[in-house]
Structures are given as structure tokens and as C-alpha cells.
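Asks: Just dropping this structure here.
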Amino acid sequence: MAPSHPPADGNAVRPPSKTRRRPRTPNKNGKEIGVFGQASWISSVINLVNTIVGAGVLAMPSAMSNMGMLLGVLVILWAGVTAGFGLYLQTRCAAYLDRGAASFFALSQITYPNAAVVFDAAIAIKCFGVGVSYLIIIGDLMPGVVRGFADESSLVPFLVDRRFWVTAFMLIVIPLAFLRRLDSLKYTSVVALISIGYLVILVVYHFAAKDTIDHYETPLRYVKWAGPIQTLSSFPVIVFAYTCHQNMFSILNEIADNSHFRTTSVIVASIGSAALIYVLVAITGYISFGNEVGGNIVAQYTPSLSTTIGRAAIVILVMFSYPLQVHPCRASVDAVLKWRPKGKLSGKIRSVLSRHSITSPDASPRRYQPLLAPASIVQRKSEMSDIRFAAITTAIIVMSYIVAMTVTSLEAVLAYVGSTGSTSISFILPGLFYYKISSPDSPHHQKLLKEEDDFDIDSDDDDDILNSRANRRPSVEQQNQSDTEDDGLLAHSGLLSTISTSGSTLLRRTKTWRRKMLRRLSLALAIYGFCVMIVCLVTHTYFVAAH
């Protein structure tokens with residue numbers, strides 16, 4: 001962008017520091033490189049909420065019946081906080097990569113190169129399994145939806161065949177699965193969120209109408225729980241209900257404003273909305289049926305037009321959630337196919353370094369040299385080619401269709417895949433990645449600190465100029481002009497300016513302490529993820545053996 005000309009009076013002033021954003025990967029001309037995002041804040045929130053909230057919301061009342069209302073609410077909120085912290089660590093890790101190049105694969109290459117293929121394979125298997133489960137849900141629910149709208153005796157046999165409906169809905173989701181950008185799914189995500197809204201209204205309506213049961217077989221559990229085994233069996237249902245981390249890097253790459261405040265607000269809005277939905281459905285659904293509530297609360301309502309529409313809403317929800325699983329699965333499969341052992345990768349990096357006249361990857365870059373430029377050249381030479389994109393997407397769709405047509409239940413498999421894949425994506429990987437890359441000895445961290453320190457110096461210069469401008473007596477024309485200026489300028493005058501300056505100074509003084517604390521918390525999140533994985537695996541193994 002061309003520099004603005006100074007005003008006629010010669011008092012040239014740069015814009016306020018709070019409106020300036022530190023470029024994530026500036027080149028020598030001070031312009032950002034990489035992929036520019038075009039997604040809006042609201043579309044990012046919509047896609048993330050749709051990724052979070054799925055058919056698992058219908059199992060929340062059952063989970064609360066085992067935990068009791070008090071513990072159930074606390075666990076739902078705790079699971080939201082830990083999942084949100086994992087998303088926040090992903091935004092912090094993305095700062096070490098070029099704009100538009102953030103991914104689990106890219107982070108693995110600069111933290112744990114030899115384990116990159118394992119991480120992406122786990123993500124691919126997890127997303128593939130969830131996508132298949134969505135197709136199975138469609139095949140199981142659609143015959144009942146058809147019976148709810150028409151008499152079965154008058155129906156053609158194939159209309160109550162699950163395989164027909166799996167095939168029919170595959171024709172709808174195939175074009176959506178071939179969309180490159182996650183932001184392109186924002187309109188289908190809106191439709192899915194409308195379906196979620198209907199399900200929530202349905203549960204709350206029956207709760208308010210009190211038309212579910214006449215009396216409880218056993219009293220409601222407000223504080224008391226059903227027992228440790230039952231509680232542990234419901235714990236994974238709540239924890240995995242917030243899994244959306246596989247799409248977070250795509251959202252960070254595509255969002256137009258990737259500033260720290262903006263991306264954090266996306267996380268808060270998405271996790272907060274999901275937590276509100278979960279708590280509302282869990283409490284109202286549990287009170288409606290008591291301890292006799294089942295795993296799918298909609299299936300327990302008396303057959304009617306509203307409940308039939310509710311089942312159709314579940315079908316629409318999982319149908320439009322299927323492309324959201326194909327998107328990260330495709331990226332992970334592509335990363336697995338691109339992976340090479342560390343020795344070969346190091347040779348490529350050395351050749352790139354020699355061509356760019358860089359003596360060492362640990363050397364500090366110039367002020368406007370892209371962060372991790374040599375690594376990014378090796379990792380992301382270009383986007384996925386059209387042929388490769390189509391081939392991987394087609395393979396995922398065909399394989400998921402074959403599995404959904406031949407298998408009617410994936411509960412046992414998904415239990416183990418979810419225990420390992422979901423905990424890795426949500427807690428272990430974000431924690432380990434940030435803990436490793438934010439080490440004081442990490443050359444990547446040192447480069448980022450240098451760029452942030454340079455930016456802070458520029459911000460301090462802006463503050464000094466603004467303070468001198470605020471202390472200068474304005475002319476009559478300037479006083480008249482100030483009446484029509486934006487309210488943003490008022491934040492840099494008088495008491496508000498003092499408060500803003502004091503807050504900025506406090507943040508800069510505590511920056512080192514906050515970095516150390518964040519690094520410790522990231523390690524704690526990874527350890528927490530391992531504990532959750534062990535608990536889930538042991539619990540599932542116990543129930544499999546018991547049955």
C-alpha cells in the first residue's frame with residue numbers, strides 16, 4: 001500500500017498502534033507473503049461450531065444422568081475450557097509459520113520430523129472414521145423418517161432400505177467434499193446450525209410441556225453420581241464432543257484478519273456457543289426423562305410430526321458435517337504421502353539454504369526476512385495440484401462409501417479411534433508442539449521474538465508520537481474537525497490514553513512471565529491428554545470385555 005502523504009502543516013503522524021497489526025511473515029518490502037485469507041469472522045465461527053456440535057449433543061442428557069447435574073455441568077465446562085486452550089495453542093503455533101501454511105504437518109516438520117507421519121495418519125484415520133459414522137447414521141435414520149411421513153404399506157421397498165439412502169445422500173455431499181476452501185462450506189454450515197437449533201428447541205419444548213414421563217423411577221441426581229464406572233463411561237462422550245481441532249489450522253489460514261484478538265474471539269465464541277448448547281440440552285433432557293434417559297433423547301419422544309422432523313434434522317446435520325471431516329482427512333493423507341525421513345528432508349533444507357545464501361538455519365533473519373523461510377520452501381512449494389486433490393478426495397469418498405454400505409456399526413472401532421485420535425488432536429499435539437517450538441533455545445522461537453521486539457519498538461514510537469500530539473494545543477479548525485472524527489481517536493486522549501498506555505506497559509513488562517506460564521500450561525495440557533487417552537482406552541476395554 002502506498003504511503004500516505006503528510007498533512008499540509010507538516011505534523012505527520014502514523015496511525016494509532018492499536019490499529020496496526022504485526023505482519024505474520026513480512027518480506028523485505030514489508031508486505032505479507034503466503035496465502036491471503038478471505039474468510040470473515042462469522043463464517044469462521046459458523047464452520048467451527050458446526051465442526052464441534054454434532055449428533056453427540058443428543059447423548060448429553062444420558063451423560064448427565066450418570067454424573068449428576070452438578071458434576072455434569074462442571075465436566076461440560078471443564079471440557080470446553082481444555083478444548084479451547086488447545087485451540088488457542090494452535091493459534092500461537094501458527095505464528096511460527098508462514099501466513100496460510102499452518103498445519104499439523106508443517107509443525108511436525110519443525111518440531112518432531114520423524115513423528116510427522118504418525119500424527120497425520122492418526123488425524124486421517126480419526127476423520128475418516130467419523131465421516132463413515134455420519135453415513136451410517138444417515139442410513140439408520142432415514143427409513144424411520146420416511147415411515148414417519150407415510151404409511152409403510154404404501155411405500156416402495158427401496159425407500160426403507162438404508163443402502164439406498166446412503167447412496168442418495170452421497171450424491172449430495174460429493175460436490176461439497178470437492179470444495180478446496182473450508183470457508184466455502186459456510187452456507188451448508190448455517191443449514192446444519194439451523195438443524196441444531198431445531199433439536200435444541202425440541203428438547204426444551206418437551207421439557208417445558210412436561211409431556212415425557214409421569215414420574216421418575218429413581219430420584220434425580222443433583223449432586224450424587226451413579227458411580228465411578230458409569231461416570232468414566234460418560235466422560236469421553238463429553239470430552240470428544242468438543243473435538244474440532246482438525247479444522248482450526250484451515251480456519252487460521254483462511255480468516256482475513258488473523259490478529260491475536262480476532263482468532264481468540266473465534267475460539268471463545270465457538271466454544272462458548274457449544275458449551276451453552278450442551279448444558280441446555282443436558283439439563284432439560286435429563287429432567288425430562290430422569291435416570292431412564294437413553295443415548296439418543298430424540299428417539300425417546302412419542303412418535304409425532306415434530307420428532308420425525310427432529311430425526312430429519314439429525315440427518316441434515318451429519319450430512320453437512322461430512323465434508324468438514326473430508327477436508328482435514330484429505331490434508332492429512334496428502335501430508336502422509338509427502339512425508340520423507342528426516343535425513344532426506346535435511347538434505348533438501350541444506351540445498352535450499354545454499355541457494356538462498358543463508359549460512360545456517362539458526363542464524364537470525366533480517367528485519368523483513370520471512371520467518372522459517374527455508375523450511376516453508378521445502379514444506380509448502382505450492383498448493384495441492386488439481387489431479388492430486390481430486391485423486392485423494394475420490395479415494396476418501398469411495399472408501400467411506402464402501403465401509404458405510406458394508407458395516408452397520410462402528411461403535412467399537414470408533415471408541416478406540418476416538419480415544420487416541422481425538423485426544424491427540426485436541427490436547428497432546430497442541431501441547432507438545434507449543435512446548436517444543438516455544439523453548440528459549442529454539443531458533444524458531446528466537447526469530448519470532450526478534451520480530452516481535454522490533455514491532456514493540458515501532459509501537460513505542462507510535463505511542464510517543466500520539467502522546468505528543470495529545471499534549472499539543474489544537475487549532476480552532478482541528479477542534480471543529482474533531483467533532484466528526486471516529487470514537488477510536490478518543491481512546492488516545494486524556495484519561496483513556498493514560499489507561500491504554502498503562503495497560504500496554506503492563507503487558508510488555510509481564511510478557512516474559514506470561515510466555516513461561518503458557519509454556520508450562522501447554523505441557524500440562526499434553527499430560528492431561530495422555531491421561532484422558534488412558535482413561536478412555538481402559539474404560540472402553542472394560543466395557544468390551546464385560547459384554
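Asks: Let me spell it out: the conditions are (1) at pLDDT below 90; (2) in contact with a Ser or Thr (Cβ under 6 Å, 6 or more places away or on another chain); (3) buried (at least 24 other Cβ atoms within 10 Å of the Cβ), and Ala122 meets all of them except one. Which number is the exception?
Replies: Of (1) at pLDDT below 90; (2) in contact with a Ser or Thr (Cβ under 6 Å, 6 or more places away or on another chain); (3) buried (at least 24 other Cβ atoms within 10 Å of the Cβ), only one is false for Ala122: (3).
Asks: Taking Leu220 as meeting all but one of (1) modelled with pLDDT of 90 or more; (2) in a helix (DSSP H, G or I), write down the number of the exception.
Replies: Result: Leu220 passes all but (2).
Asks: Here's another thing I want to ask about it. Only residues in the stretch 511-534 that are under 14 Å from Gly421 (Cα atoms) and open to solvent by 40 Å² or more (accessible area, probe 1.4 Å) count as the first member; pair them with residues that are of a type outside the set (Phe, Trp, Tyr) and assigned to a helix (DSSP H, G or I), Cβ under 8 angstrom, at least 6 apart or cross-chain, and list the lot.
Replies: Between residues of the stretch 511-534 that are under 14 Å from Gly421 (Cα atoms) and open to solvent by 40 Å² or more (accessible area, probe 1.4 Å) and residues that are of a type outside the set (Phe, Trp, Tyr) and assigned to a helix (DSSP H, G or I), the close pairs are Phe530/Thr423; Phe530/Ile428.
Asks: Select from the stretch 147-171 the residues that are within 26 Å of Pro323 (Cβ to Cβ) and open to solvent by 80 Å² or more (accessible area, probe 1.4 Å) and list them in ascending order.
Replies: Phe158, Arg163, Leu171
Residue-by-condition table, conditions (1) under 30 Å from Ile138 (Cβ atoms); (2) part of a loop (DSSP other than H, G, I, E, B); (3) touching a strand residue (DSSP E or B) at 6+ places or on another chain (Cβ under 7 Å); (4) modelled with pLDDT of 90 or more:
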{"residue": "Pro323", "(1), (2), (3), (4)": "yes, no, no, yes"}
{"residue": "Pro328", "(1), (2), (3), (4)": "yes, no, no, yes"}
{"residue": "Asp334", "(1), (2), (3), (4)": "yes, no, no, yes"}
{"residue": "Lys344", "(1), (2), (3), (4)": "no, no, no, no"}
{"residue": "Arg350", "(1), (2), (3), (4)": "no, no, no, no"}
{"residue": "Ser357", "(1), (2), (3), (4)": "no, yes, no, no"}
{"residue": "Pro361", "(1), (2), (3), (4)": "no, yes, no, no"}
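Asks: May I pose another question? Can you confirm whether the stretch 316-327 contains a residue that is over 24 Å from the mean Cα position of the chain (by Cα) and not small (Gly, Ala, Ser)? Walk me through it before giving the result.
Replies: Of all residues in the stretch 316-327, those over 24 Å from the mean Cα position of the chain (by Cα) come to none.
Within the stretch 316-327, none of the residues are over 24 Å from the mean Cα position of the chain (by Cα) and not small (Gly, Ala, Ser).
Asks: Taking Ser65 and the conditions (1) touching a Gly at 6+ places or on another chain (Cβ under 7 Å); (2) within 30 Å of Thr231 (Cα to Cα); (3) not acidic (Asp, Glu), which numbered condition does it fall short on, given that it satisfies the others?
Replies: Only one criterion is unmet by Ser65, namely (1).
Asks: Sticking with this one: Sort out which residues of the stretch 284-325 are in contact with a Gly (Cβ under 8 Å, 6 or more places away or on another chain) and of a type in the set (A, V, I, L, M), and write them in order of number.
Replies: Hits for the stretch 284-325 are Val293, Ile297, Val298, Leu305, Leu317, Val318.
Asks: Being without any contact (Cβ under 8 Å) to a residue 24 or more places away in the chain and not aromatic (Phe, Trp, Tyr) narrows it down to one of Arg99, Arg147, Arg92, so name that one. Outline the logic, then answer.
Replies: Numbers: Arg99 fails: without any contact (Cβ under 8 Å) to a residue 24 or more places away in the chain; Arg92 fails: without any contact (Cβ under 8 Å) to a residue 24 or more places away in the chain.
Among Arg99, Arg147, Arg92, only Arg147 is without any contact (Cβ under 8 Å) to a residue 24 or more places away in the chain and not aromatic (Phe, Trp, Tyr).
Asks: Can I ask one more? Out of Val318, Val298, report the one residue that is closer than 22 Å to Ser184 by Cβ, assigned to a helix (DSSP H, G or I) and either open to solvent by 30 Å² or more (accessible area, probe 1.4 Å) or in contact with a helix residue (DSSP H, G or I) (Cβ under 9 Å, 6 or more places away or on another chain) (or both). I'd like the intermediate steps shown before the answer.
Replies: Working: Val298 fails: closer than 22 Å to Ser184 by Cβ.
Answer to the check: Val318.
Asks: Taking the stretch 154-191 on its own, how many of its residues are touching a residue at least 24 places away in the same chain (Cβ under 8 Å) and assigned to a loop (DSSP other than H, G, I, E, B)?
Replies: Qualifying residue count, the stretch 154-191: 4.
Asks: All but one of (1) farther than 30 Å from Ser234 by Cα; (2) under 16 Å from the mean Cα position of the chain (by Cα); (3) surrounded by 24 or more Cβ atoms within 10 Å (Cβ to Cβ) hold for Ala116; state the number of the condition that does not hold.
Replies: With (1) farther than 30 Å from Ser234 by Cα; (2) under 16 Å from the mean Cα position of the chain (by Cα); (3) surrounded by 24 or more Cβ atoms within 10 Å (Cβ to Cβ) applied to Ala116, the lone miss is (2).
Asks: Mind listing whichever residues of the stretch 109-119 are closer than 17 Å to Gly431 by Cβ and either touching a residue at least 40 places away in the same chain (Cβ under 8 Å) or outside any helix (DSSP H, G or I) (or both)? Give the steps one after another, and end with the answer.
Replies: Of the stretch 109-119, the ones closer than 17 Å to Gly431 by Cβ are 110-112, 115-116, 118-119.
Those that are closer than 17 Å to Gly431 by Cβ and either touching a residue at least 40 places away in the same chain (Cβ under 8 Å) or outside any helix (DSSP H, G or I) (or both): Ile110, Thr111, Tyr112, Ala116, Phe119.
Asks: Looking at (1) farther than 25 Å from Gln300 by Cα; (2) touching a Ser or Thr at 6+ places or on another chain (Cβ under 9 Å); (3) in a helix (DSSP H, G or I), can you tell me which one Ala63 breaks?
Replies: (1)
Asks: Being farther than 13 Å from Thr302 by Cα, exposed (fewer than 13 other Cβ atoms within 10 Å of the Cβ) and not hydrophobic (A, V, I, L, M, F, W, C) is the filter here, so list the residues in the stretch 206-222 that pass it.
Replies: Asp214, His215, Tyr216, Glu217, Thr218, Pro219, Tyr222
Asks: Return the residues of the stretch 68-102 that are at positive phi and either at pLDDT 90 or above or not small (Gly, Ala, Ser) (or both); say none if nothing qualifies.
Replies: Residue satisfying the conditions is Gly68 alone.
Asks: Could you give every pair whose Cβ atoms fall below 6 Å, whose first residue belongs to the stretch 237-250 and is touching a residue at least 24 places away in the same chain (Cβ under 8 Å), and whose second residue is outside any helix (DSSP H, G or I), counting only separations of at least 6 or pairs across chains?
Replies: Phe249/Ala102; Phe249/Ser103
The values are calculated or read from the model by the stated rules, or taken from the named source; none is laboratory data. Quick caveat: nothing in here was measured; it's all calculated off a predicted structure. Cβ coordinates were reconstructed from backbone atoms using ideal geometry, including for glycine residues, and neighbour counts include every protein chain displayed. We work out accessible area using only protein heavy atoms, side chains counted, and drop any ligands, DNA or RNA first. Shrake-Rupley method; radii C 1.70, N 1.55, O 1.52, S 1.80 Å.
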